[in-house]
Amino acid sequence: MGQMLKPPRKLKTPVRALGWVSLFADLASKMVYPITPIFLTSVLGAPAWTVGVIEGIAESAASLLKLYSGWLSDRVGRRKPLAVAGYGLGAVSKLGLAIAASWGAVLGARLIDRVGKGLRAAPRDALIAENCAPQQRGQAFGLHHSLETVGEVLGPLLGLWALQQLGESYRGVFAIAALPALFSVLVLLKWVKEPPLPAAQPRTRPQFTLRGLSPGYRRYLIVIGLFSVGNSSDAFLLLRSQDLGFGSQQLLLLYALFNLMSVGLGLAIGRLSDRVGRRPLLAIGYLVFAGVYLGFAIAQRAEVLWGLFMLYGLYVALTRGVQKALVTDWVHPDRRGAEIGTFHMLVGLAALPASLIAGVLYTRVSAAAPFYLSAVTGLAAALLLGWVHTSPLVGQGLERGR
């Protein structure tokens, strides 16, 4: 095995700026996300199963864009315009929630938000990968995750403050959340420059297929697909917390605590993955996920949720940035946008069955049933990571820790 390369410490301005873009965008999203299930069930009077329908349809309807936007950014040689459009739709969606009068309107607003994510996800990740050395990818995606998580911590806290100031007006909170979402677009326009890409690729249509991908990447996507089918929307964690006695303000605090756990860990774990390998950290993350969901299944008292949400934050820190860095290790440089888009599309497609299954189990079987299922799929994914081949960077010392 080759001598391990020490990654340079300083990241380029576009990488850091993209972290700030995600900070403001996620601040806006997390102002509204923890209270949307309560808005649906308590204000609009929608049944609990609509939470699964809305989250599943919104994620899966946008999943095709996660493939096509990556392919299109390869084809035209531009990433930034698609990222700008995607973050712009995120701001529009907050205003849509503010005027929603039915659960169908909430679905429409969530669709706009997820379409925006579908447009921006693969081009943004490709921009990060193209603005850093291969030995920096764990650090770069770790920084991105850490700044993103800062927004996810501040968002619920700002939402809590706004909810108190506005007398429990959910619509007012949704409207205010559009402001930081808009600011994320301005940061992207001002400080993110994209490097020149190779000549435009042939006019081949993008296809959701595993053919042409490296063997390790194909196996990894199979594991990700299994895990994603059991990884239902976080809205079910919030519904379960509501069942155990948490109100809207407590849910915002709970969600802030969950995200606070990952703020300081994301960058450190990303750097660690550059040194010891991605797969061991991912396996640990999936095992933590399985333990958390088992805890939600058997929880009888609200107090235990504080600890479970902290562990859930640890799972996110161990997986979110690391698995994106692992994807960029495997993709072909000339097809980077499209092949990253394949990953995002697979996760998005799995969201519909994941949330629909969770919704049916939650309402027809028991509140604990979907969490048992998630614990099983998390454990299975952790075990199956051993079946995944090492990445092409093994010769550079970046995929160690077998």
Relative contact order for the chain, counting Cα pairs under 8 Å that sit 6 or more residues apart, in percent: 31 percent
Net charge near GLY321, counting Lys/Arg +1 and Asp/Glu -1 over other residues with Cβ under 15 Å of its Cβ? +3
Given charges of +1 on the Cβ of Lys and Arg and -1 on the Cβ of Asp and Glu, with all other atoms neutral, how large is the dipole of segment 49-101 about its Cα centre, in debye to the nearest 20? 320 debye
Which of rounded, prolate or oblate describes segment 253-312 when judged by the alpha-carbon gyration tensor and an a/c cut-off of 1.5? oblate
How long is the gain from ASP334 to ALA105 if the chain were fully straight, where each residue apart is worth 0.36 nm and the alpha carbon distance is subtracted? 78.4 nm
Quick one: Karplus J couplings for segment 266-272, per residue in order, coefficients 6.51, -1.76, 1.60, θ = phi - 60°, nearest Hz, x for Gly and Pro? x, 5, 4, 5, x, 5, 4
Dipole magnitude of segment 261-340 about its Cα centre, charges +1 at Lys/Arg Cβ and -1 at Asp/Glu Cβ only, in debye to the nearest 20? 100 debye
Gap in Å between the Cα centre of segment 68-135 and the Cα centre of segment 214-270? 20 Å
Which angle between 0 and 90 degrees, to the nearest 10, do you get for helix 304-330 versus the longest principal axis of the chain when only C-alpha atoms count? 30 degrees
Once both axes come from the Cα atoms, what is the angle between helix 369-384 and the longest principal axis of the chain, in degrees from 0 to 90, rounded to 10? 10 degrees
When the charge dipole of the chain is computed with +1 on Lys and Arg Cβ and -1 on Asp and Glu Cβ about the Cα centre, the Cα farthest towards its positive end, among ALA175, ALA25, LEU221, belongs to LEU221
Work from the charge dipole of segment 8-69 (Cβ charges, +1 for Lys and Arg, -1 for Asp and Glu, about the Cα centre) and give the residue of VAL15, ALA46, PRO34 farthest towards its positive end. VAL15
Of (i) 17.6; (ii) 18.6; (iii) 25.2, the label for mean projected area of the Cα convex hull in nm² derived from the coordinates: (i)
With angles folded into 0 to 90 degrees, how steeply does helix 13-32 sit against the dominant principal axis of the chain? Use alpha carbons for both and round to 10. 20 degrees
Explain nothing, just compute: Karplus ³J(HN,Hα) = 6.51 cos²θ - 1.76 cosθ + 1.60, θ = phi - 60°, for every residue of segment 225-238 in order, whole Hz, x for Gly and Pro. x, 4, 4, 5, 4, x, 9, 6, 4, 4, 4, 6, 5, 5
Can you compute the charge dipole magnitude of the chain about its Cα centre, using +1 on each Lys and Arg Cβ and -1 on each Asp and Glu Cβ, nothing else charged? Give it in debye, rounded to the nearest 20. 1280 debye
Using the structure shown, list the pairs from LYS12/LYS66; LYS30/LYS193; LYS94/LYS117; LYS10/LYS324; LYS10/LYS193 with a Cα-Cα distance above 22 Å, or answer none. LYS12/LYS66; LYS30/LYS193
Tell me the net charge near LYS66. Cut-off is 13 Å between Cβ atoms, LYS66 excluded, with +1 for each Lys or Arg and -1 for each Asp or Glu. +2
Summing +1 per Lys or Arg and -1 per Asp or Glu among the other residues with Cβ less than 14 Å from SER42's Cβ gives -1
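Computed from the coordinates by the stated procedures, all read-outs in this text should not be read as laboratory data. Everything numeric in this text was worked out from a predicted model, so none of it was measured. All Cβ positions, glycine included, derive from the backbone under ideal geometry; neighbour counts span all protein chains shown.
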